[in-house]
Amino acid sequence: MTEPSTRSRTFAIGDVHGCHVALTTLLALIKPTAEDTIVFLGDVVDRGPATKECIDEILRLQDQCYVVCLLGNHEEMMRGSIQKSFLWQIWNECGGAAALESYGGSLSKIPASHLKWLSSLRPFYETATEIFVHANLEPEQTLANQASEVLRWKKLAGSERPHRSGKRAICGHTPQRDGYPLVF
């Protein structure tokens, strides 16, 4: 779908980690319409039992509303393992084993549509007022000059400075033990 007008709702969903029941429960609460934007902040894959089902759900959702999917560190590991540019054993130990199990235990069983989805993930998404990233931002760098390890791997410390653009940054990756978003 095409990007909706600025009057529509935007939802950011972070770190699904293969939890299809939680994802479908959240989407049922949101009740997305064609005017909505849903930004997946990365880490849709790994750890939980249903990576395949989560990606299938996102692919279906793309026919319902505007969907933006960002590259998280877990998609980076998965993609790298498929391309043989990342150590498979590390990915396997970081949740890749659960992801592979959802595909029947083999990289060769990952559907072409899922491989295409993995290759299409964005490093960030920017609107007129927000910047969406998986992990963090370098405050003084333009978006084009952000280091990939910061965008996908650096956890929030809680003392980050505002981005030079003045836009609000929305990210996932850093666990919030109390279940509430960290806002600062």
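None of the figures in this text is laboratory data; all of them are computed from the coordinates on show. Computed from a predicted structure; not experimentally measured. Every residue, glycine as well, gets a Cβ built from its backbone with ideal geometry; the counts of neighbours run over all protein chains shown.
Values as computed for the structure displayed
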| read-out | value |
| --- | --- |
| Derived scalar couplings ³J(HN,Hα) [region 10-25; Karplus, 6.51 cos²θ - 1.76 cosθ + 1.60; whole Hz; x for Gly, Pro] | 10, 10, 10, 10, x, 6, 5, 6, x, 9, 5, 4, 5, 5, 5, 5 |
| HN-Hα J in Hz across region 169-184 - Karplus 6.51, -1.76, 1.60, θ = phi - 60°, x for Gly and Pro | 9, 10, 9, x, 6, 7, x, 10, 4, 7, x, 9, x, 7, 10, 7 |
| Rounded to whole Å, sorted largest first: equivalent-ellipsoid semi-axes of region 1-102, Cα gyration tensor | 27, 14, 10 |
| Principal axis dimensions, the chain - Cα atoms, whole angstrom, descending | 45, 35, 32 |
| For region 79-184: relative contact order, % (alpha-carbon pairs under 8 angstrom, 6 or more apart) | 21 percent |
| Cα-centred dipole magnitude for the chain, charges only on beta-carbon of K, R (+1) and D, E (-1), debye, nearest 20 | 140 debye |
| Rounded to 5, percent antiparallel among DSSP beta bridges of the chain | 15 percent |
| Dipole moment magnitude, nearest 20 debye, region 83-168 about Cα centre, only Lys, Arg, Asp, Glu C-beta charged | 140 debye |
| Magnitude of the charge dipole, region 45-108, Cβ model with Lys/Arg +1 and Asp/Glu -1, debye to 20 | 160 debye |
| Stretch gain in nm, segment Ser165-Phe184, where the contour uses 0.36 nm per residue and the Cα spacing is subtracted | 5.2 nm |
| Positive-pole candidate from Gln62, Met78, Ile30, dipole of region 1-79, charges at beta carbon | Ile30 |
| For region 120-184 and region 86-106, distance of Cα centres in Å | 26 Å |
| Per-pair calculated FRET efficiency, R0 = 22 Å: Thr174 and Ile30 via Cβ, rounded to 0.05 | 0.45 |
